[in-house]
Amino acid sequence: MVYFQRLAALLPAVLLSASAIAQQSKATIQSYLPAKAAAYTQASGLPYAYKADQYGTTELILRYTSTSGNFSFVFNRITVSSTRYIDYKDGAVAERYDFANRKWVVEEGSHQHSEMTGKAIDTSIMREDRLYAFVLQEQPGGQSIERVQFKDFGNVVYWPDYVLDLCAIEDADKDGKPEFYLTYFGDSDGLDAKELKQIVYTMPVNTQDKLVKSKATAYYPVDIGDETDPQTYHETFDNNWKALHRAIQQKSKYLMLQYKKKNRG
């Protein structure tokens, strides 16, 4: 009799756990590059180009759907200026992109192509970008609520650029609410370290679903020196990041490690 009473007491908890697992299993994450813009609109009811007149070109949308809500993680860019340097054996030609006429124009004071001999050896491009990212909570009827707006206008200090393949949505701590991982890299003027930055947006229970921002930064030296070099590779984490669930920290570090493996070994 006691056994059956205990079993009856356990059943609600078991059923609740099974229900939570079933809800988590229904969560899906889809990635939409511009080539899949129509598919995104069909799935979400929202336009792919998010406020293009204000925030430029949409380069990627990550979409999270679950029984607890649907979210879109949108990455936009406005290119303010773009300059390229075309190297020849006996010099270089500097060109600036003319957005109005959609063509490259040789900059004033630069060598001309006609002055160069032989074929171009190499081309490097420097862009001044404004980065924007948004977390949108989707609403019925093709509407959305902007829960987060991120922006970085770091040019021409360190030329920030998204690392789109290391931006992600995941429910790492299995609480039924997604986290949003925004990863981007800032180059260097040759004096300061290069920075891989990662912003993590979470929705802790005690914040009534308000997204909280945490930050991790990996510093890459301009030149790899010895262990006494103050610019030796190192990482820093703000207090919000240090308070994150361990599973979220592990996901964050995993993404940062992938960049380190690919770019430094």
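The values are calculated or read from the model by the stated rules, or taken from the named source; none is laboratory data. In this text, all values refer to a predicted model and were calculated from it rather than measured experimentally. For neighbour counting, all protein chains shown are included, and Cβ atoms are generated from backbone atoms with ideal geometry for every residue, glycine included. With ligands, DNA and RNA removed, areas are computed over all heavy atoms of the protein, side chains included. Shrake-Rupley method; radii C 1.70, N 1.55, O 1.52, S 1.80 Å.
Key figures for this structure:
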item: Region 37-97: trypsin sites (Lys or Arg not before Pro) in DSSP coil with no more than 10 other Cβ atoms inside 10 Å; result: K89
item: Karplus 3J(HN,Hα) series, Hz, for region 244-255 with 6.51 cos²θ - 1.76 cosθ + 1.60 (x for Gly, Pro); result: 5, 4, 4, 5, 6, 4, 5, 5, 4, 5, 4, 5
item: Table column - 3J(HN,Hα) (Hz), region 162-176, Karplus curve with 6.51, -1.76, 1.60, x for Gly and Pro; result: 5, 10, 5, 6, 10, 9, 7, 10, 7, 9, 5, 8, 6, 9, x
item: Å² of accessible area per residue within region 65-140, as computed with a 1.4 Å probe and no ligands counted; result: 57 Å²
item: Alpha carbon convex hull of region 22-166, volume per residue in cubic angstrom; result: 154 Å³
item: Members of K36/K213; K177/K197; K103/K251; K51/K119; K119/K151; K36/K119 lying beyond 32 Å, as alpha-carbon distances in this model show; result: K103/K251; K51/K119; K119/K151; K36/K119
item: HN-Hα J in Hz across region 57-71 - Karplus 6.51, -1.76, 1.60, θ = phi - 60°, x for Gly and Pro; result: 7, 7, 9, 6, 10, 9, 10, 10, 10, 7, 5, 8, x, 10, 9
item: Shape of region 93-215, Cα gyration tensor, a/c cut at 1.5; result: prolate
item: Pairs of alpha carbons in region 149-200 whose separation is greater than 15 Å (percent); result: 53 percent
item: Order by protection proxy (mean Cβ within 10 Å, highest first), peptides 198-204, 42-48; result: 198-204, 42-48
